[in-house]
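The values are calculated or read from the model by the stated rules, or taken from the named source; none is laboratory data. Everything numeric here is computed off the predicted structure, so don't read it as measured data. Glycine gets a Cβ as well: all are built from the backbone with ideal geometry, and neighbour counts include every protein chain shown. For the accessible areas, the whole protein counts, side chains as well, though only heavy atoms, and no ligand, DNA or RNA atoms are used. Shrake-Rupley method; radii C 1.70, N 1.55, O 1.52, S 1.80 Å.
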Amino acid sequence: MDFDFIAEYTPMYVTAAALTLRIAFWGIIFSLVTGLVCSLIQYYKIPALKQLISGYIELSRNTPLLVQLFFLYFGLPKLGIIISSEGCAILGLSFLGGSYMAEAFRSGLESVEKSQVEAGLSIGLKHGQIIRYIVLPQAISVSVPAFCANIIFLIKETSVFSVVALADLMYVAKDLIGLYYKTDEALLMLVLSYLVILLPVSIIASLLERRLRYAGFGN
Amino acid sequence: MQDLGIRVLFEGSNFLRLLGGLWITVKIALISVAISFVLGIFLGIIMTFKNPVTKAITRLYLEFVRIMPQLVLLFLVYFGLTRAFNINLSGQLSAIIVFVVWGTAEMGDLVRSALISISKHQYESGTALGLTNLQVYRYIIIPQTVRRLLPLSINLMTRMVKTTSLIVLIGVVEVLKVGQQIIEANRYTAPSGALWIYGTIFLLYFIVCFPISRLAGRLEKRWMN
(Lines give C-alpha, C1' and ligand atoms only; values in the text may rest on other atoms or scores of the structure.)
Protein backbone atom coordinates (compact mmCIF):
# COMPACT_ATOMS: atom_id res chain seq x y z
CA MET A 1 0.00 0.00 0.00
CA ASP A 2 1.46 3.30 -1.11
CA PHE A 3 0.14 5.96 1.24
CA ASP A 4 1.94 8.86 -0.47
CA PHE A 5 0.06 7.93 -3.60
CA ILE A 6 -3.21 7.93 -1.70
CA ALA A 7 -2.45 11.31 -0.15
CA GLU A 8 -1.51 12.74 -3.51
CA TYR A 9 -4.67 11.66 -5.30
CA THR A 10 -7.21 12.18 -2.52
CA PRO A 11 -8.21 15.59 -3.94
CA MET A 12 -9.27 13.87 -7.18
CA TYR A 13 -11.61 11.63 -5.23
CA VAL A 14 -12.98 14.56 -3.28
CA THR A 15 -13.78 16.46 -6.48
CA ALA A 16 -15.38 13.37 -7.96
CA ALA A 17 -17.41 12.72 -4.82
CA ALA A 18 -18.63 16.32 -4.89
CA LEU A 19 -19.79 15.85 -8.48
CA THR A 20 -21.56 12.61 -7.58
CA LEU A 21 -23.28 14.26 -4.64
CA ARG A 22 -24.33 17.31 -6.65
CA ILE A 23 -25.95 15.20 -9.34
CA ALA A 24 -27.49 12.85 -6.79
CA PHE A 25 -28.94 15.87 -4.95
CA TRP A 26 -30.67 17.30 -8.02
CA GLY A 27 -31.70 13.86 -9.21
CA ILE A 28 -33.34 13.10 -5.87
CA ILE A 29 -35.11 16.48 -5.73
CA PHE A 30 -36.54 16.02 -9.22
CA SER A 31 -37.44 12.39 -8.47
CA LEU A 32 -39.37 13.49 -5.40
CA VAL A 33 -41.28 16.12 -7.36
CA THR A 34 -41.99 13.71 -10.23
CA GLY A 35 -43.00 11.01 -7.78
CA LEU A 36 -45.37 13.27 -5.88
CA VAL A 37 -47.07 14.53 -9.04
CA CYS A 38 -47.37 11.03 -10.52
CA SER A 39 -48.75 9.50 -7.36
CA LEU A 40 -51.32 12.28 -6.91
CA ILE A 41 -52.48 11.78 -10.49
CA GLN A 42 -52.86 8.08 -9.80
CA TYR A 43 -54.54 8.72 -6.46
CA TYR A 44 -57.19 10.96 -8.05
CA LYS A 45 -57.50 8.59 -11.03
CA ILE A 46 -57.35 11.40 -13.58
CA PRO A 47 -58.31 9.69 -16.86
CA ALA A 48 -55.75 9.41 -19.70
CA LEU A 49 -53.00 10.94 -17.54
CA LYS A 50 -53.32 7.99 -15.20
CA GLN A 51 -52.64 5.44 -17.94
CA LEU A 52 -49.74 7.55 -19.19
CA ILE A 53 -48.22 7.61 -15.71
CA SER A 54 -48.54 3.87 -15.16
CA GLY A 55 -46.91 3.32 -18.57
CA TYR A 56 -44.03 5.57 -17.52
CA ILE A 57 -43.67 3.79 -14.18
CA GLU A 58 -43.50 0.34 -15.77
CA LEU A 59 -41.08 1.54 -18.44
CA SER A 60 -38.69 3.16 -16.00
CA ARG A 61 -38.83 0.42 -13.38
CA ASN A 62 -38.16 -2.34 -15.87
CA THR A 63 -35.13 -0.90 -17.63
CA PRO A 64 -31.64 -0.30 -16.25
CA LEU A 65 -30.34 3.22 -15.74
CA LEU A 66 -27.30 2.42 -17.86
CA VAL A 67 -29.45 1.69 -20.90
CA GLN A 68 -31.56 4.79 -20.26
CA LEU A 69 -28.40 6.89 -20.17
CA PHE A 70 -27.07 5.38 -23.40
CA PHE A 71 -30.33 6.26 -25.09
CA LEU A 72 -30.35 9.80 -23.73
CA TYR A 73 -26.70 10.54 -24.36
CA PHE A 74 -25.95 8.69 -27.61
CA GLY A 75 -29.40 8.06 -29.09
CA LEU A 76 -31.27 11.33 -28.73
CA PRO A 77 -28.63 13.56 -30.39
CA LYS A 78 -29.51 11.76 -33.66
CA LEU A 79 -32.93 13.38 -33.36
CA GLY A 80 -31.25 16.74 -32.83
CA ILE A 81 -31.83 16.69 -29.07
CA ILE A 82 -28.43 17.30 -27.54
CA ILE A 83 -28.20 17.28 -23.75
CA SER A 84 -25.01 17.91 -21.78
CA SER A 85 -23.42 15.11 -19.73
CA GLU A 86 -24.65 16.52 -16.46
CA GLY A 87 -28.08 17.15 -17.92
CA CYS A 88 -28.28 13.53 -19.08
CA ALA A 89 -27.16 12.28 -15.70
CA ILE A 90 -29.74 14.33 -13.81
CA LEU A 91 -32.47 13.56 -16.34
CA GLY A 92 -31.71 9.84 -16.27
CA LEU A 93 -31.62 9.71 -12.49
CA SER A 94 -34.91 11.61 -12.23
CA PHE A 95 -36.53 9.41 -14.87
CA LEU A 96 -35.54 6.33 -12.90
CA GLY A 97 -36.11 7.76 -9.43
CA GLY A 98 -39.45 9.37 -10.29
CA SER A 99 -41.15 6.01 -10.65
CA TYR A 100 -39.62 4.59 -7.48
CA MET A 101 -40.65 7.68 -5.51
CA ALA A 102 -44.12 7.52 -7.06
CA GLU A 103 -44.55 3.97 -5.80
CA ALA A 104 -43.36 5.00 -2.35
CA PHE A 105 -45.80 7.94 -2.22
CA ARG A 106 -48.61 5.79 -3.56
CA SER A 107 -48.29 3.20 -0.83
CA GLY A 108 -48.35 6.05 1.68
CA LEU A 109 -51.43 7.62 0.13
CA GLU A 110 -53.22 4.29 0.02
CA SER A 111 -52.53 3.74 3.70
CA VAL A 112 -54.66 6.77 4.60
CA GLU A 113 -58.16 5.45 5.05
CA LYS A 114 -61.02 6.78 3.01
CA SER A 115 -63.00 7.58 6.14
CA GLN A 116 -60.43 10.26 6.95
CA VAL A 117 -61.11 12.02 3.66
CA GLU A 118 -64.85 11.73 4.25
CA ALA A 119 -64.46 13.09 7.76
CA GLY A 120 -62.55 16.02 6.31
CA LEU A 121 -65.28 16.66 3.75
CA SER A 122 -67.99 16.48 6.38
CA ILE A 123 -66.38 19.19 8.50
CA GLY A 124 -66.31 21.38 5.40
CA LEU A 125 -62.69 21.24 4.25
CA LYS A 126 -61.93 21.81 0.58
CA HIS A 127 -60.16 19.14 -1.47
CA GLY A 128 -56.90 21.08 -1.39
CA GLN A 129 -57.13 21.43 2.38
CA ILE A 130 -57.81 17.72 2.83
CA ILE A 131 -54.69 16.87 0.87
CA ARG A 132 -52.63 19.50 2.64
CA TYR A 133 -53.71 18.90 6.24
CA ILE A 134 -54.99 15.33 6.39
CA VAL A 135 -53.72 13.05 3.65
CA LEU A 136 -50.18 14.25 2.96
CA PRO A 137 -48.87 14.46 6.54
CA GLN A 138 -49.94 10.87 7.22
CA ALA A 139 -48.95 9.55 3.81
CA ILE A 140 -45.49 11.08 3.97
CA SER A 141 -44.71 9.69 7.40
CA VAL A 142 -45.77 6.22 6.23
CA SER A 143 -43.61 6.38 3.14
CA VAL A 144 -40.45 7.81 4.72
CA PRO A 145 -38.71 4.41 5.05
CA ALA A 146 -39.34 3.77 1.36
CA PHE A 147 -38.01 7.23 0.50
CA CYS A 148 -34.84 6.59 2.43
CA ALA A 149 -34.34 3.25 0.71
CA ASN A 150 -34.88 4.97 -2.64
CA ILE A 151 -32.43 7.75 -1.82
CA ILE A 152 -29.72 5.21 -1.00
CA PHE A 153 -30.60 3.29 -4.15
CA LEU A 154 -30.35 6.43 -6.28
CA ILE A 155 -27.00 7.45 -4.81
CA LYS A 156 -25.71 3.95 -5.58
CA GLU A 157 -27.02 4.22 -9.12
CA THR A 158 -24.89 7.34 -9.70
CA SER A 159 -21.92 4.99 -10.07
CA VAL A 160 -22.67 4.48 -13.78
CA PHE A 161 -22.28 8.13 -14.75
CA SER A 162 -18.82 7.60 -16.16
CA VAL A 163 -20.50 6.32 -19.35
CA VAL A 164 -21.85 9.78 -20.12
CA ALA A 165 -18.34 11.22 -19.78
CA LEU A 166 -18.61 12.50 -16.23
CA ALA A 167 -15.49 12.25 -14.08
CA ASP A 168 -17.18 10.51 -11.15
CA LEU A 169 -15.62 8.21 -8.54
CA MET A 170 -15.62 5.15 -10.80
CA TYR A 171 -14.00 7.16 -13.57
CA VAL A 172 -11.22 8.40 -11.28
CA ALA A 173 -10.57 4.91 -9.95
CA LYS A 174 -10.40 3.39 -13.41
CA ASP A 175 -8.18 6.23 -14.57
CA LEU A 176 -5.69 5.70 -11.74
CA ILE A 177 -5.65 1.94 -12.33
CA GLY A 178 -4.98 2.49 -16.00
CA LEU A 179 -2.39 5.24 -15.59
CA TYR A 180 -0.27 4.06 -12.67
CA TYR A 181 -1.34 0.45 -12.12
CA LYS A 182 -2.03 1.31 -8.47
CA THR A 183 -4.99 -1.06 -8.31
CA ASP A 184 -5.09 -1.66 -4.55
CA GLU A 185 -4.81 1.99 -3.64
CA ALA A 186 -7.33 3.15 -6.21
CA LEU A 187 -9.90 0.52 -5.19
CA LEU A 188 -9.40 1.16 -1.48
CA MET A 189 -10.06 4.85 -2.01
CA LEU A 190 -13.09 4.02 -4.13
CA VAL A 191 -14.63 1.84 -1.43
CA LEU A 192 -13.82 4.39 1.28
CA SER A 193 -15.37 7.22 -0.72
CA TYR A 194 -18.63 5.36 -1.17
CA LEU A 195 -18.65 4.37 2.49
CA VAL A 196 -18.14 8.00 3.52
CA ILE A 197 -21.04 9.06 1.34
CA LEU A 198 -23.46 6.21 2.00
CA LEU A 199 -22.89 5.15 5.61
CA PRO A 200 -24.20 8.39 7.15
CA VAL A 201 -27.22 8.33 4.85
CA SER A 202 -27.96 4.75 5.78
CA ILE A 203 -27.56 5.44 9.52
CA ILE A 204 -29.81 8.51 9.36
CA ALA A 205 -32.34 6.45 7.43
CA SER A 206 -32.53 3.73 10.05
CA LEU A 207 -32.78 6.30 12.87
CA LEU A 208 -35.61 8.07 11.07
CA GLU A 209 -37.38 4.81 10.48
CA ARG A 210 -37.23 3.96 14.16
CA ARG A 211 -38.57 7.39 15.14
CA LEU A 212 -41.45 7.07 12.71
CA ARG A 213 -42.35 3.64 13.88
CA TYR A 214 -42.95 5.16 17.31
CA ALA A 215 -45.06 7.84 15.67
CA GLY A 216 -47.12 5.18 13.92
CA PHE A 217 -47.91 3.35 17.13
CA GLY A 218 -48.57 6.57 19.00
CA ASN A 219 -46.05 6.37 21.81
CA MET B 1 -32.29 9.98 -42.81
CA GLN B 2 -34.54 8.30 -40.27
CA ASP B 3 -35.31 5.21 -42.34
CA LEU B 4 -31.60 4.67 -42.87
CA GLY B 5 -31.27 4.25 -39.15
CA ILE B 6 -33.97 1.68 -38.67
CA ARG B 7 -32.67 -0.40 -41.58
CA VAL B 8 -29.47 -1.04 -39.64
CA LEU B 9 -31.47 -3.15 -37.23
CA PHE B 10 -32.51 -5.64 -39.86
CA GLU B 11 -29.43 -5.66 -42.04
CA GLY B 12 -27.65 -8.99 -42.11
CA SER B 13 -27.82 -10.68 -38.74
CA ASN B 14 -27.73 -7.50 -36.68
CA PHE B 15 -30.94 -8.13 -34.81
CA LEU B 16 -29.95 -11.70 -34.07
CA ARG B 17 -26.61 -10.47 -32.78
CA LEU B 18 -28.40 -8.08 -30.44
CA LEU B 19 -30.55 -10.92 -29.16
CA GLY B 20 -27.42 -13.00 -28.68
CA GLY B 21 -25.96 -10.20 -26.58
CA LEU B 22 -29.14 -10.01 -24.56
CA TRP B 23 -28.95 -13.75 -23.97
CA ILE B 24 -25.51 -13.32 -22.36
CA THR B 25 -26.99 -10.78 -19.96
CA VAL B 26 -29.95 -13.01 -19.15
CA LYS B 27 -27.77 -16.10 -18.86
CA ILE B 28 -25.49 -14.46 -16.29
CA ALA B 29 -28.53 -13.28 -14.35
CA LEU B 30 -30.11 -16.75 -14.43
CA ILE B 31 -26.96 -18.55 -13.26
CA SER B 32 -26.44 -16.01 -10.48
CA VAL B 33 -30.05 -16.15 -9.34
CA ALA B 34 -30.02 -19.96 -9.24
CA ILE B 35 -26.86 -20.09 -7.15
CA SER B 36 -27.80 -17.22 -4.85
CA PHE B 37 -31.25 -18.69 -4.32
CA VAL B 38 -29.73 -21.84 -2.82
CA LEU B 39 -27.00 -20.05 -0.88
CA GLY B 40 -29.48 -17.39 0.25
CA ILE B 41 -31.72 -19.97 1.90
CA PHE B 42 -28.77 -21.24 3.94
CA LEU B 43 -27.69 -17.70 4.78
CA GLY B 44 -31.22 -16.78 5.81
CA ILE B 45 -31.42 -19.76 8.16
CA ILE B 46 -28.01 -18.91 9.62
CA MET B 47 -29.15 -15.32 10.13
CA THR B 48 -31.99 -16.44 12.38
CA PHE B 49 -29.53 -18.08 14.80
CA LYS B 50 -29.22 -16.33 18.12
CA ASN B 51 -25.42 -16.77 18.17
CA PRO B 52 -23.85 -13.27 18.42
CA VAL B 53 -20.81 -14.21 16.32
CA THR B 54 -22.75 -15.46 13.30
CA LYS B 55 -25.11 -12.53 13.77
CA ALA B 56 -22.28 -9.98 13.63
CA ILE B 57 -20.58 -11.61 10.66
CA THR B 58 -23.70 -12.03 8.53
CA ARG B 59 -24.83 -8.54 9.43
CA LEU B 60 -21.50 -7.03 8.39
CA TYR B 61 -21.54 -8.98 5.14
CA LEU B 62 -25.09 -7.92 4.36
CA GLU B 63 -24.52 -4.26 5.15
CA PHE B 64 -21.29 -4.03 3.17
CA VAL B 65 -22.69 -5.70 0.07
CA ARG B 66 -25.86 -3.64 0.27
CA ILE B 67 -24.20 -0.29 0.74
CA MET B 68 -21.65 -0.65 -2.07
CA PRO B 69 -22.86 0.11 -5.57
CA GLN B 70 -22.78 -3.12 -7.59
CA LEU B 71 -20.38 -1.51 -10.03
CA VAL B 72 -17.87 -1.00 -7.22
CA LEU B 73 -18.18 -4.68 -6.32
CA LEU B 74 -17.57 -5.57 -9.96
CA PHE B 75 -14.44 -3.41 -9.98
CA LEU B 76 -13.27 -4.96 -6.72
CA VAL B 77 -13.48 -8.46 -8.15
CA TYR B 78 -12.45 -7.74 -11.73
CA PHE B 79 -9.48 -5.50 -10.93
CA GLY B 80 -8.79 -6.13 -7.24
CA LEU B 81 -9.28 -9.85 -6.66
CA THR B 82 -7.42 -10.80 -9.81
CA ARG B 83 -4.43 -8.73 -8.75
CA ALA B 84 -4.45 -9.75 -5.11
CA PHE B 85 -4.33 -13.45 -5.94
CA ASN B 86 -2.56 -13.18 -9.26
CA ILE B 87 -5.31 -15.02 -11.08
CA ASN B 88 -7.02 -14.30 -14.33
CA LEU B 89 -10.80 -14.02 -14.21
CA SER B 90 -12.87 -13.42 -17.31
CA GLY B 91 -15.40 -10.61 -17.18
CA GLN B 92 -18.28 -13.08 -17.22
CA LEU B 93 -16.90 -15.11 -14.34
CA SER B 94 -16.23 -11.98 -12.25
CA ALA B 95 -19.77 -10.87 -12.97
CA ILE B 96 -21.20 -14.18 -11.79
CA ILE B 97 -19.07 -14.04 -8.61
CA VAL B 98 -20.26 -10.52 -7.84
CA PHE B 99 -23.91 -11.23 -8.53
CA VAL B 100 -23.82 -14.39 -6.44
CA VAL B 101 -22.25 -12.50 -3.54
CA TRP B 102 -24.80 -9.72 -3.87
CA GLY B 103 -27.76 -11.98 -4.60
CA THR B 104 -26.98 -14.25 -1.67
CA ALA B 105 -27.01 -11.27 0.67
CA GLU B 106 -30.33 -9.99 -0.67
CA MET B 107 -31.88 -13.44 -0.79
CA GLY B 108 -30.62 -14.25 2.70
CA ASP B 109 -32.30 -11.17 4.06
CA LEU B 110 -35.57 -12.08 2.32
CA VAL B 111 -35.44 -15.62 3.72
CA ARG B 112 -34.65 -14.29 7.19
CA SER B 113 -37.58 -11.88 7.22
CA ALA B 114 -39.92 -14.54 5.82
CA LEU B 115 -38.85 -16.98 8.54
CA ILE B 116 -39.21 -14.58 11.45
CA SER B 117 -42.54 -13.34 10.14
CA ILE B 118 -44.11 -16.71 10.90
CA SER B 119 -45.27 -16.46 14.44
CA LYS B 120 -44.54 -19.01 17.11
CA HIS B 121 -48.14 -20.07 17.59
CA GLN B 122 -48.15 -21.54 14.09
CA TYR B 123 -45.62 -24.11 15.24
CA GLU B 124 -47.45 -24.60 18.52
CA SER B 125 -50.90 -25.09 17.07
CA GLY B 126 -49.44 -27.57 14.60
CA THR B 127 -48.02 -29.61 17.44
CA ALA B 128 -51.24 -29.23 19.40
CA LEU B 129 -53.13 -30.79 16.51
CA GLY B 130 -50.85 -33.78 16.84
CA LEU B 131 -48.70 -33.21 13.76
CA THR B 132 -45.15 -34.45 13.87
CA ASN B 133 -42.34 -31.93 13.51
CA LEU B 134 -41.83 -32.94 9.90
CA GLN B 135 -45.51 -32.49 9.15
CA VAL B 136 -45.52 -29.06 10.80
CA TYR B 137 -42.79 -27.95 8.42
CA ARG B 138 -44.22 -29.74 5.40
CA TYR B 139 -47.81 -28.50 5.70
CA ILE B 140 -47.62 -25.29 7.74
CA ILE B 141 -44.28 -23.52 7.81
CA ILE B 142 -42.81 -24.16 4.37
CA PRO B 143 -45.95 -23.29 2.35
CA GLN B 144 -46.27 -19.98 4.19
CA THR B 145 -42.61 -19.14 3.84
CA VAL B 146 -42.67 -19.89 0.13
CA ARG B 147 -45.70 -17.69 -0.38
CA ARG B 148 -44.00 -14.79 1.32
CA LEU B 149 -40.71 -15.45 -0.39
CA LEU B 150 -41.59 -16.21 -3.98
CA PRO B 151 -42.89 -12.80 -5.15
CA LEU B 152 -39.95 -11.04 -3.52
CA SER B 153 -37.39 -13.39 -5.02
CA ILE B 154 -38.94 -13.02 -8.47
CA ASN B 155 -38.54 -9.28 -7.97
CA LEU B 156 -34.90 -9.89 -7.12
CA MET B 157 -34.62 -11.63 -10.48
CA THR B 158 -35.66 -8.48 -12.39
CA ARG B 159 -33.25 -6.42 -10.33
CA MET B 160 -30.56 -8.92 -11.21
CA VAL B 161 -31.28 -8.69 -14.94
CA LYS B 162 -31.24 -4.90 -14.78
CA THR B 163 -28.02 -4.82 -12.82
CA THR B 164 -26.38 -7.20 -15.26
CA SER B 165 -26.33 -4.32 -17.74
CA LEU B 166 -23.33 -3.02 -15.78
CA ILE B 167 -21.08 -5.83 -16.98
CA VAL B 168 -20.43 -3.94 -20.21
CA LEU B 169 -18.21 -1.69 -18.06
CA ILE B 170 -15.88 -4.58 -17.17
CA GLY B 171 -15.52 -5.56 -20.79
CA VAL B 172 -18.08 -8.31 -21.27
CA VAL B 173 -19.49 -8.33 -24.78
CA GLU B 174 -23.21 -8.22 -24.08
CA VAL B 175 -26.15 -6.44 -25.63
CA LEU B 176 -24.89 -2.85 -25.19
CA LYS B 177 -21.44 -3.74 -26.50
CA VAL B 178 -22.90 -5.55 -29.51
CA GLY B 179 -25.06 -2.49 -30.09
CA GLN B 180 -21.97 -0.27 -30.05
CA GLN B 181 -20.23 -2.56 -32.52
CA ILE B 182 -23.18 -2.42 -34.91
CA ILE B 183 -23.34 1.36 -34.61
CA GLU B 184 -19.63 1.72 -35.26
CA ALA B 185 -19.71 -0.62 -38.24
CA ASN B 186 -22.51 1.39 -39.84
CA ARG B 187 -21.32 4.84 -38.82
CA TYR B 188 -21.22 6.15 -42.43
CA THR B 189 -24.11 4.31 -44.02
CA ALA B 190 -26.51 4.91 -41.15
CA PRO B 191 -25.53 7.91 -39.05
CA SER B 192 -28.71 7.79 -36.99
CA GLY B 193 -28.21 4.14 -36.06
CA ALA B 194 -27.45 4.95 -32.41
CA LEU B 195 -30.98 6.16 -31.82
CA TRP B 196 -32.53 2.96 -33.15
CA ILE B 197 -30.08 0.54 -31.66
CA TYR B 198 -30.15 2.02 -28.17
CA GLY B 199 -33.91 2.45 -28.41
CA THR B 200 -34.23 -1.23 -29.30
CA ILE B 201 -31.98 -2.29 -26.42
CA PHE B 202 -34.10 -0.18 -24.09
CA LEU B 203 -37.22 -2.00 -25.29
CA LEU B 204 -35.52 -5.41 -25.15
CA TYR B 205 -34.74 -4.92 -21.48
CA PHE B 206 -38.32 -3.88 -20.92
CA ILE B 207 -39.62 -6.95 -22.75
CA VAL B 208 -37.49 -9.20 -20.55
CA CYS B 209 -38.17 -7.53 -17.20
CA PHE B 210 -41.80 -6.49 -17.52
CA PRO B 211 -43.37 -9.99 -17.57
CA ILE B 212 -41.23 -11.09 -14.63
CA SER B 213 -42.13 -8.13 -12.45
CA ARG B 214 -45.77 -8.48 -13.54
CA LEU B 215 -45.72 -12.09 -12.39
CA ALA B 216 -44.22 -11.06 -9.06
CA GLY B 217 -46.93 -8.43 -8.60
CA ARG B 218 -49.67 -10.94 -9.42
CA LEU B 219 -48.38 -13.55 -7.00
CA GLU B 220 -47.96 -10.97 -4.29
CA LYS B 221 -51.53 -9.80 -4.67
CA ARG B 222 -52.96 -13.29 -4.79
CA TRP B 223 -51.05 -14.49 -1.74
CA MET B 224 -51.41 -11.39 0.35
CA ASN B 225 -53.79 -13.06 2.79
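Miscellaneous remarks
- A:Gly216 being modelled with pLDDT under 90, within 13 Å of another protein chain (Cβ to nearest Cβ), part of a helix (DSSP H, G or I) and exposed (fewer than 15 other Cβ atoms within 10 Å of the Cβ): no
- Selection from segment A:41-57 of residues that are in contact (Cβ under 8 Å) with a residue 40 or more places away in the chain and either open to solvent by 30 Å² or more (accessible area, probe 1.4 Å) or not in a helix (DSSP H, G or I) (or both): A:Gln42, A:Tyr43, A:Tyr56
- Qualifying position, being over 30 Å from B:Tyr188 (Cβ atoms), assigned to a helix (DSSP H, G or I), of a type in the set (Val, Ile, Thr) and modelled with pLDDT of 80 or more, among B:Ile45, B:Ile24: B:Ile45
- Considering each residue of segment B:186-194 in turn, none proves to be open to solvent by 20 Å² or more (accessible area, probe 1.4 Å) and part of a helix (DSSP H, G or I).
- Boolean, A:Gln68 is buried (at least 23 other Cβ atoms within 10 Å of the Cβ) and in a helix (DSSP H, G or I): yes
- So B:Ile141, is it assigned to a helix (DSSP H, G or I) and either modelled with pLDDT of 85 or more or open to solvent by 50 Å² or more (accessible area, probe 1.4 Å) (or both): no
- Residues that are of a type in the set (A, V, I, L, M, F, W, C) and open to solvent by less than 70 Å² (accessible area, probe 1.4 Å) within segment A:13-22 comprise A:Ala16, A:Ala17, A:Ala18, A:Leu19, listed in sequence order.
- The condition (being in contact with an Asp or Glu (Cβ under 7 Å, 6 or more places away or on another chain) and within 11 Å of another protein chain (Cβ to nearest Cβ)) is satisfied by just one residue among B:Val208, B:Val175, B:Val161, B:Val168: B:Val168.
- If you go through segment B:82-122 and keep only what is assigned to a helix (DSSP H, G or I), within 14 Å of chain A (Cβ to nearest Cβ) and open to solvent by 60 Å² or more (accessible area, probe 1.4 Å), you end up with B:Arg83, B:Ala84.
- The listed residue being touching a residue at least 24 places away in the same chain (Cβ under 8 Å), open to solvent by 20 Å² or more (accessible area, probe 1.4 Å), of a type in the set (A, V, I, L, M, F, W, C) and within 27 Å of B:Gly91 (Cα to Cα), out of B:Ile207, B:Ile154, B:Ile167: B:Ile154
- When B:Val136 is tested against (1) in contact (Cβ under 8 Å) with a residue 40 or more places away in the chain; (2) touching a Phe, Trp or Tyr at 6+ places or on another chain (Cβ under 9 Å); (3) open to solvent by less than 20 Å² (accessible area, probe 1.4 Å), just one condition goes unmet, and that condition is (1).
- Matching option when the condition is more than 23 Å from B:Ile212 (Cα to Cα), surrounded by fewer than 18 Cβ atoms within 10 Å (Cβ to Cβ) and either touching a Cys at 6+ places or on another chain (Cβ under 6 Å) or away from chain B (no Cβ under 14 Å) (or both), among A:Phe30, A:Phe25: A:Phe25
- Among the residues of segment A:74-121, the one identified as open to solvent by 40 Å² or more (accessible area, probe 1.4 Å), under 20 Å from A:Val142 (Cα atoms) and not in a helix (DSSP H, G or I) is A:Glu113.
- Residues (of a type in the set (Gly, Ala, Ser) and either within 21 Å of A:Leu109 (Cβ to Cβ) or open to solvent by 10 Å² or more (accessible area, probe 1.4 Å) (or both)) located in segment A:122-181: A:Ser122, A:Gly124, A:Gly128, A:Ala139, A:Ser141, A:Ser143, A:Ala146, A:Ala149, A:Ser162, A:Ala165, A:Ala167, A:Gly178
- Filter result for the condition that a residue is surrounded by 13 or more Cβ atoms within 10 Å (Cβ to Cβ) and more than 30 Å from A:Ile152 (Cβ to Cβ), over B:Val65, B:Val8, B:Val33: B:Val8
- Scanning segment A:73-89 for residues that are more than 9 Å from chain B (Cβ to nearest Cβ) and aliphatic (A, V, I, L, M) gives A:Ile81, A:Ile82, A:Ile83, A:Ala89.
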